[in-house]
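Reading through the structure tokens given below for one structure.
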Amino acid sequence: MPETVKGPVADLGATLMHEHVFGLSPEILWNWPDIPEGWDLEARAREAAGKLEALKAEGIDSIVDLTVVGLGRYVPAVRRVAELTSVNIVAATGLYTYDALPPYFGNRGPGSLFGGQDRLAEFFVRDLTEGIGRTGVKAAMLKCATDEPGMTPGCRRVFRAVAEAHLATGAPITTHSHEPGGLDQQRLLAACGVDLSRVVIGHAGDSTDLAYLEELLAGGSYLGMDRFGIDTISPFADRVRIVADLCARGHADRLVLSHDSYCFNDRFDPDVVRRRHPDYHLLHISRDVLPALRERGVTEDQIQLMLVDNPRRIFAWTSTSAPTGTSPRRTTS
Ligand SMILES: [Zn+2]
């Protein structure tokens, strides 16, 4: 059964595969607590739960919270939200960087200034099999990222550690990608022994290049059409058109949908975000995207695949194949 913040559930139902509950900057909040974006766990948890209940009313049952280390993951707060909402929240592990590793990891491991053991995979496996911090909440997905700078040495270490944790546990992988970098991501993961059908290439939906997207699909991966509402990267009409085109070409069984939104994120000025991206919120897919897809000929069966069946298949691993107490293979390179 798929793991969620509240424990295993029988079925995730309709699932948004790339969202965030909280994006936090702990060092800012520790040192300037009086800023307007300031942090009050209970108040923010109630606010987030309200947003998730509104999502439930639109027919969505679950979100995957891809907030990993590097984005201000704080699972005790997410657990409080989970207590207050009927929406399932799936937690993730991994590391978010486009470039260098945070010093804790960057100054350890192979090739680092001080050497020692690379702890990335060890920590990821612990999150998946024992739980995150002292919360007991188990992660159910791995995440790694590259962006415009491409596969930097820091990113490469994260990808290798994610692959190692995946091979040790069976947990599915998702990425943050930047066109055409999804192909490099696939190459590296495949070289590490990962079956690419266990991988979601995230933010693929930022692209409108069918040839690129079909090359990713030929590798066997799922594509994250997962930034609906971030119109400055790719506008609504283009995002809808590319999903409709991919469905028409028979790929609905490899697409997942989401917004990449946050219930609360101290990294953005909320007023500016609302002004520049008025549709960047959790209800945009239910209210605007699905009707637009139907208008373009996407069928109910295809919507069911993208929202329900594909996420169910991606998370099927937790039912039988997640071992506990598995330690990852030692990194040798
Ligand atoms: Zn994201």
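I'm trying to understand the selection: among the residues of the range 108-153, which are assigned to a loop (DSSP other than H, G, I, E, B) and small (Gly, Ala, Ser)? Spell out how you get there, then give the answer.
Of all residues in the range 108-153, those assigned to a loop (DSSP other than H, G, I, E, B) come to 108-119, 130-138, 146-152.
Scanning the range 108-153 gives Gly109, Gly111, Ser112, Gly115, Gly116, Gly131, Gly133, Gly136, Gly150.
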Near pairs, Cβ below 9 angstrom, 6+ apart or cross-chain, from the range 59-82 (open to solvent by 10 Å² or more (accessible area, probe 1.4 Å) and of a type in the set (Ser, Thr, Tyr)) to any residue that is more than 12 Å from the ligand (Cβ to nearest atom) and part of a helix (DSSP H, G or I): Tyr74/Pro26; Tyr74/Leu41
Checklist (1) open to solvent by less than 30 Å² (accessible area, probe 1.4 Å); (2) without any contact (Cβ under 8 Å) to a residue 40 or more places away in the chain; (3) aliphatic (A, V, I, L, M) applied to Ala48, failing item: (2)
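Within the range 196-218, which residues are assigned to a helix (DSSP H, G or I) and more than 16 Å from the ligand (Cβ to nearest atom)?
Result: Leu196, Ser197, Arg198, Leu210, Ala211, Tyr212, Leu213, Glu214, Glu215, Leu216, Leu217, Ala218.
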Enumeration of residues in the range 133-163 that are more than 16 Å from the chain's Cα centre (by Cα) and under 17 Å from Ala91 (Cβ atoms): Gly133, Arg134, Thr135, Gly136, Val137
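Please determine, by comparing only the residues of the range 1-24 that are of a type in the set (Gly, Ala, Ser) and within 19 Å of Ala57 (Cβ to Cβ), which one is surrounded by the fewest Cβ atoms within 10 Å (Cβ to Cβ). It would help to see each step written out before you state the result.
Taking the range 1-24 first, the residues of a type in the set (Gly, Ala, Ser) are 7, 10, 13-14, 23.
Still in the list and also within 19 Å of Ala57 (Cβ to Cβ): 13-14.
Details: Gly13: 17, Ala14: 20.
It comes out as Gly13.
Of all residues in the range 67-90, how many are within 16 Å of the ligand (Cβ to nearest atom) and more than 18 Å from Val308 (Cα to Cα)? Full working, then the answer.
So the first thing to find is which residues in the range 67-90 are within 16 Å of the ligand (Cβ to nearest atom), and the list is 67-74, 78, 89-90.
Checking the rest, the ones that are also more than 18 Å from Val308 (Cα to Cα) come to 67-74, 78.
Looking only at that region, the number is 9.
Filter the range 91-111 for residues that are of a type in the set (Phe, Trp, Tyr) and either within 16 Å of the ligand (Cβ to nearest atom) or under 14 Å from the mean Cα position of the chain (by Cα) (or both) and give the result. Can you show your working first?
Kept after step one, since they are of a type in the set (Phe, Trp, Tyr), are these residues of the range 91-111: 96, 98, 104-105.
Passing the criteria: Tyr96, Tyr98.
The values are calculated or read from the model by the stated rules, or taken from the named source; none is laboratory data. Note that the coordinates shown come from a computational prediction; the quantities given were computed from them, not determined experimentally. Neighbour counts run over all protein chains shown; Cβ positions are idealised from the backbone, glycine included. Please note that ligands, DNA and RNA were not included when accessible areas were found on the heavy atoms of the full protein model with its side chains. Shrake-Rupley method; radii C 1.70, N 1.55, O 1.52, S 1.80 Å.
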